[in-house]
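Structure record follows, encoded as structure tokens.
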Amino acid sequence: MQHNLQKHFRDGRMPVISVSRFINEEHSQNYAFFPHMHQDYLELFYVYHGNGRYMVGGETYGITKGDIVICNAGVLHSKSCEHAENLRSYSIGITNLALHLLPDNWLCSSDAVPVLSCGSLS
């Protein structure tokens, strides 16, 4: 029997959370996040507290509490340590994501702004 959510995914595949990390203020301010990419998974960066700057695909965006940054597989991204103010965040890796009309492990198109402001929904 097919799960109701499977109709939204190509080939009936269901996404899988492969990794999750909590990143506290000390780590955000003191440890560099070098620009990098993940070929085999999508990364979601959720801002739990504070604010800062985040680079995705060569563009830099201001981020604040309640924002979710979408880093599609194969797209260069990085958090800026020098602009992190009381930044607490979560990083979540998702594999096996196969949305219609998008490459594997992509959640948004390349021309979309990759920062979602969730505000009170967060």
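The values are calculated or read from the model by the stated rules, or taken from the named source; none is laboratory data. Bear in mind that the values here come from a model prediction, so they are computed numbers and not experimental data. Cβ sites come from the backbone with ideal geometry, for glycine too, and all protein chains shown count toward neighbours. Surface accessibility is based on the protein's heavy atoms, side chains included, excluding ligands, DNA and RNA. Shrake-Rupley method; radii C 1.70, N 1.55, O 1.52, S 1.80 Å.
Answer with yes or no whether Ser89 is surrounded by fewer than 21 Cβ atoms within 10 Å (Cβ to Cβ) and in contact with a Ser or Thr (Cβ under 8 Å, 6 or more places away or on another chain).
So Ser89 does not fit the description; no.
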Within segment 92-111, the residues that are open to solvent by 40 Å² or more (accessible area, probe 1.4 Å) and not in a strand (DSSP E or B) are Asn96, His100, Leu101, Pro103, Asp104, Trp106, Leu107, Ser109, Ser110, Asp111
Output for Cβ contacts, cut-off 7 Å, separation at least six or different chains, first residue free of Cβ contacts under 8 Å to residues at least 40 places away in the same chain in segment 94-122, second among the charged types (D, E, K, R) and open to solvent by less than 40 Å² (accessible area, probe 1.4 Å), reads none
Those strands (runs of 3 or more DSSP E) completely within segment 46-86 that have 1 or more residues that are more than 20 Å from Ile17 (Cβ to Cβ) are 59-64, 77-79
